[in-house]
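Since every read-out is calculated from the coordinates, none of them should be taken as a lab result. Quantities reported herein were computed from a predicted structural model and do not represent experimental measurements. Counting neighbours? That spans all protein chains shown, and the Cβs are built from the backbone with ideal geometry, glycine included.
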Amino acid sequence: MKSAVMTFPASNCDRDMYDALEKITGKVPHKIWHQDTEIPPVDLIALPGGFSFGDYLRCGAMAARSPAIKQVLAHAQRGGNVIGICNGFQVLTEMGLLPGALMRNRSLKFVCKTVNLKVENANTTYTSAYHENQNIEIPVAHHDGNYFADDETLTRIEDNGQVVFRYVDKGGEVSKDANPNGSQHNIAGITNERGNILGMMPHPERFIEDIQGGTDGRGFFESIINSLN
Amino acid sequence: MKARVHITLKNGVLDPQGKAIQHALLALGFDGVDDVRQGKYIELDLSENDKDKAHTHVEDMCKKLLSNMVIENYAIDID
Amino acid sequence: MKARVHITLKNGVLDPQGKAIQHALLALGFDGVDDVRQGKYIELDLSENDKDKAHTHVEDMCKKLLSNMVIENYAIDID
Amino acid sequence: MTETNWNNNVEITPEIVKEHGLSDSEHKLMIKILGRNPSLTELGIFSVMWSEHCSYKSSKLHLKTLPTTAPWVIHGPGENAGVIDIGDNQAVIFKMESHNHPSYIEPYQGAATGVGGILRDVFTMGARPIANMNALRFGSPDHHKTRHLLSGVVEGIGGYGNCVGVPTVGGETNFHPSYDGNILVNAMTVGLADQDKIFLSAAAGVGNPVIYVGSKTGRDGIHGATMASAEFTEDSEEKRPTVQVGDPFTEKLLIEACLELMSTDMVVAIQDMGAAGLTSSSVEMASGGGVGFALNLDMVPQREEGMTPYEMMLSESQERMLVVLKPDRVEEAKEIFVRWDLDFAVIGEIAGDGNLTLSWKGDIVADIPTQPLADNSPEYDRPWIKTQAPATIDPNDVASPNDLGETLIKMIASANLSSRAWIWQQYDNQVMADTIQMPGGDAAVVRVHGTDKALAISTDCTPRYCYADPFEGGKQAVAETWRNITSVGATPLAITDCLNFGNPERPDIMGQFVGAIDGLREACSILEYPVVSGNVSLYNETNGTGIHPTPAIGGVGLMEDSSKMVKIAPKDEGDVIILVGESKGHIGCSQYLSIIEGREEGAPPPIDLMLEKKNGNFVRKHIINGNINACHDISDGGIFIALAEMAMASHKGMDISLNNNSIPVHTYGYGEDQARYIISTTALEVDQIIADAEQSGVKVERIGVVRGEELMIEDCFSIPVNELLDAHASWMPNYMSNEA
Ligand SMILES: Nc1ncnc2c1ncn2[C@@H]1O[C@H](COP(=O)(O)OP(=O)(O)O)[C@@H](O)[C@H]1O
Ligand SMILES: [Mg+2]
């Protein structure tokens, strides 16, 4: 499985993503700079977390208009796989590759903590190593993770099984208290209809070794390897 | 010319910032505030001197960058 | 009544957002943008019906909460 | 070709000199150095260079007495930050700095730019910043400004640190009325560099180009440095000098661009523009290298129109650096900064005459010999009187509470002992994926990327101890960081300090300063824990009321094997709880006395540094040997609070029975005797630990086991851990939910 990690000015989880991909896939990912006009042929493009362009104007807005984005679009249209974690998720919605938008957290505050996620759909490229309804622990760290979509869109993505991760409590219940940012339906991560593009606010790349506090993020990368190898 | 752009949330889109302001105003003892909506205000200095051209120009900027059409509306004033 | 409040940065205060927007517009091929400044736009629905009273009221809100007087100015329109 | 315009068209009157905070004798010295009256620009330059903030004129004499060397110290105080050797050609570079006054005036931007400034101090030496810490002191929770200041400061620290992608991994937070009018915002950055890629600020090479990189210069914070050197009065709040606004996005680009530049061999010297911006950076680089700087101010990238030389030299616009390059490397260097979208300008060159010569629009507007400007900065031996240490309180004189369980709940739900999660959840403490001990433990721990090593970091100071007895308080601040670092299993290596005090022109305040320094010196030398960098913030005083003396200490330690690290949470049911150290019920200056009795009295606990060393080394040895599965030092609130914190961290109960029959139980449980730890170990290893303690002369007592879901202390109380958690977690969110 060949992968590439994109860096925008002020991306800051690019190295973490790179390391996680390397550690788990055993292959060194390519690096893409936001101004590159060509991207090497890869199976997976990862848009990492961070504060691309300072998150000024709107999170992900300026990154979504970077020169290299054209190549990401072409890759996605060919059915290539794309993941966006945190800021990367925001970029994907700004690009229009994923429905909805990510707004300021309900608390208006940045939130960094470990949350519980329910794997709603274990039948995707990104979740096959988990089992359906598995309750996993992954950290979040964001200011704008409040997922919004109009009712029609929400119904559609729910019906299609595009909601893959949802914030739950320790017991697995979807509750207001378990929702760190006010997102609709406690949505933490979604795919597009075709299933080749995924965006999520939590950071699986931060939880891949015991010493980091947990290893539930590994399943995410292992799913990708299973599906793409 | 100067362009003033107002970017506001579409009807029906939740507005956490507006809500928080309303809440804080209430806590400060300001009553009679029925609703608060927060948007962005962007001022642009343009070298274009034709009002219509400037308008088209800025409209294009709004569509391509300044606003997110999924959740936001924009309004442009040129003077 | 409706109050519209514009919150802008005082002259001379660095505006990283405006600067970044200007830059991004340039990168997208929009030239002729000499300066960009970003501010906030807040709409309030008030139950007050007296224009002058509403103005005083909102001015007070600006001073106490809506604007950061150290770096920001505010302007109020009531209608 | 150039004319001289010495006066920049302004006559230098005694009033103007005074407005610049310069005394008559300083004015005379200035005239002597120049051989004439200064121009306005020159006056501005002298005033910031000789301000308390830049010149350390009140503190220098005493700072010189601190221990600053050890075999592992590569660069001590004097550089932008301290540098220590961690082996394998790697070095750790760190410093702590205050941004108190700006944060009081505009908490968000003040705190944010404080973080930006300290990051630059560290990456300017070639280090990649890998961790941020923050030590915060606010006024009483009841003070009308406290909520607003707390929320703005925390948001500002997060807003900046999160964006630049450096994890904020810990800190400390106190509330006390002495900070009502002067909050303290102390920020620390720790960075990692290769030893053969460390950059200093001393310039060299006549003719070498001087480069300005980063953001453009505006009229921000002009006279920020002098503001940080003057006492607050009622109306200084009104004056509201132009506040600096931080731009973390640009800072992130600057970090990447500078580190890229420094990975080449183009750089002769580099220095961030901190307080007093272009002035202090150019003077320090020039005087440090014994050379001159000839700068053309017309080349300085400017954000605003019509800026004068005076404004350009004194501006404190953020995110700017000054670099001296090797000749003929300008184009290569420029390519890097252009790629990162940063301003890059050649603004002058190194001159052989030793002068800072500034030209502007064809005139020479300043020409100052830099050596005398730097070397003759005033140094005062300010009069001081020793603080009289209060009498020790007899534990038997403190009435016992009706209900020990209720007092425990009240204490852990108090402003000063409650959970700081509301704060640290606003900080990204995991970005870079190397944080292996997050906030909530004794020390933060970050891995040295790609190695088995890890760094432990802790910031500490107990201002109420320092107020009662600056000497013991100074020792305690150093010892507490040492202990916190030890508690995770790391070896403490060195400290940075941030010395926050009131008005040094008052002999009693100066006495606090001198006393605290004496304490720092003693602790650092006995613990072999030198000071490698630091910062002094004086005049933290409003209308004659000074803050509690607050020598905040930031300590750094090393673990060779990060897998040996322990946290404060005991592991399993049945694990044995052991108390290390001696408990005499020292209740003076304790949290118990303050929270339960509303009294701040008595002598603080005395610090026996030899005992600290013995107990700490014992604990560390057993952590490294893998015999201990959790460790927590005993600090604020004593044994009961430490046990409660361990129970809460593990979500497990404990059955404890204390071996005390000599002093009242509440003073035993809440007394704050020093050099103590609570450790947890398996039943298998307990005998070995106790036997070794006997041999080493360390006092240990087996006090209980991990069991059930309640914290049960025999004859005292039994409280469900969930109840403790609720009480501990709720104070700050509740308090801040009334934020307006
Ligand atoms: N301002 C802050 N930012 C981040 N973490 C903080 C802050 N204040 C306190 N903490 C964290 O809260 C925990 C408890 O702090 P403290 O009581 O000062 O610890 P200790 O007594 O061990 O020095 C520590 O892990 C510390 O890092
Ligand atoms: Mg501790």
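Once the Cα atoms are used to define both axes, helix B:16-27 deviates from the longest principal axis of chain B by about 40 degrees. Cut-off under 13 Å on the C-alpha distance; same-chain residues fewer than 8 positions from B:LYS40 excluded. Which aspartates and glutamates are left, in chain and number order? The reachable aspartates and glutamates, counting only those whose Cα sits under 13 Å from B:LYS40, are B:ASP15, B:GLU72, C:GLU43. Within 10 Å of the Cβ of each residue in B:12-19, the mean number of Cβ atoms contributed by other protein chains is 5. At an R0 of 60 angstrom, the distance between the Cβ atoms of D:ARG339 and D:GLU582 translates into a FRET efficiency of 0.50. Under the convention that each Lys and Arg Cβ holds +1 and each Asp and Glu Cβ holds -1, the size of the dipole of chain D around its Cα centre is about 680 debye. Look at the dipole of chain D built from charges on Cβ: of D:SER730, D:CYS589, D:SER377, the Cα furthest out on the positive end belongs to D:SER377.
Each peptide in A:32-40, D:261-269, D:469-477, D:670-678 receives the mean, over its residues, of other Cβ atoms within 10 Å, and ordering these scores from highest gives D:469-477, D:670-678, D:261-269, A:32-40.
Of D:GLY246, D:PRO664, D:GLY191, which is farthest on the positive side of the dipole of chain D, counting Cα position, with +1 on Lys and Arg Cβ, -1 on Asp and Glu Cβ, and the Cα centre as origin? Value: D:GLY191.
Using the alpha-carbon atoms, what tilt in degrees (0 to 90, nearest 10) does helix D:638-650 show relative to the longest principal axis of chain D? The angle comes out at about 90 degrees.
Summarising the label geometry, the points placed 7 Å from Cα in the beta-carbon direction at A:ASN135 and D:ASP397 lie 5.4 nm from one another. If you bin all the Cα-Cα distances of chain D at 20 Å, starting from zero, the percentages per bin are 18, 50, 26, 6, 0. Summarising the rotation from chain C to chain B, the nearest chain C beta-carbon to the axis and its distance in Å are given as C:TYR41, 2. Each of the peptides D:360-373, D:275-288 was scored by the mean count of other Cβ atoms within 10 Å over its residues; in descending order, highest first, they stand as D:275-288, D:360-373. Take each residue in B:37-50, count the other chain C-beta atoms within 10 Å of its C-beta, and the mean is 6. The calculated FRET efficiency for the pair D:ARG702 and D:GLU19, based on their C-beta separation and a Förster distance of 60 Å, comes to about 0.35. Remark: the Cα gyration tensor places the stretch A:3-228 in the rounded category, a/c being less than 1.5. Shape of the stretch B:10-67 from its Cα gyration tensor (a ≥ b ≥ c, root eigenvalues): rounded if a/c is under 1.5, otherwise prolate when a/b > b/c, or oblate? Here the stretch B:10-67 falls in the prolate category.
Counted residue by residue at 0.36 nm each, then reduced by the alpha carbon distance between them, the extension gain from D:GLU406 to D:LYS361 reaches 8.9 nm. Local charge for D:GLU701 was computed over the other residues whose Cβ lies under 15 Å away, with Lys and Arg +1 and Asp and Glu -1, and equals -3.
Here the calculated FRET efficiency for D:ASP715 and D:ALA70, from their Cβ-Cβ distance with R0 = 45 Å, stands at 0.45, rounded to the nearest 0.05. For the residue pairs D:LYS64/D:LYS567; A:LYS23/D:LYS252; A:LYS176/D:LYS652; B:LYS63/C:LYS53; A:LYS70/D:LYS252; B:LYS19/C:LYS10, the alpha carbons lie more than 31 Å apart in D:LYS64/D:LYS567; B:LYS63/C:LYS53. Straight Cα distances below 21 angstrom link D:LYS699 to the lysines D:LYS584, D:LYS613, D:LYS614, D:LYS621, with same-chain residues fewer than 8 positions distant left out. Label point 7 Å out from A:ASN123 along Cα-to-Cβ: which residues of the stretch A:156-179 have amide N under 20 Å? Taking a point 7 Å out along Cα→Cβ of A:ASN123, the residues of the stretch A:156-179 whose backbone N falls under 20 Å are A:156-166. Placing dummy labels 7 Å off each Cα toward the beta-carbon, the span from D:ALA421 to D:GLU379 is 5.1 nm. Taking packing as the residue-averaged number of other Cβ atoms within 10 angstrom, the listed peptides D:563-569, D:153-159 run from highest to lowest as D:153-159, D:563-569.
A dipole drawn for the stretch A:3-228 from +1 and -1 charges on Cβ atoms has a positive end, and of A:ALA74, A:GLN134, A:PHE207 the residue lying farthest that way is A:ALA74. In this label model, A:ALA74 and D:ASP328 are separated by 4.1 nm, measuring between points 7 Å along each Cα→Cβ vector. Would you work out the charge dipole size for the protein assembly as shown about its Cα centre, treating the Cβ of every Lys and Arg as +1 and the Cβ of every Asp and Glu as -1, and quote it to the nearest 20 debye? Using only the charged Cβ atoms, the result is roughly 1220 debye. Take each residue in D:437-450, count the other chain C-beta atoms within 10 Å of its C-beta, and the mean is 1. For a paramagnetic label modelled on D:GLN695 (point 7 Å from Cα along Cα→Cβ), amide N atoms under 19 Å away belong, within the stretch D:614-633, to D:614-628.
A straight Cα-to-Cα reach below 12 Å connects D:LYS95 with the aspartates and glutamates D:GLU79, D:ASP121, D:ASP497, residues fewer than 8 places away in its own chain not being considered.
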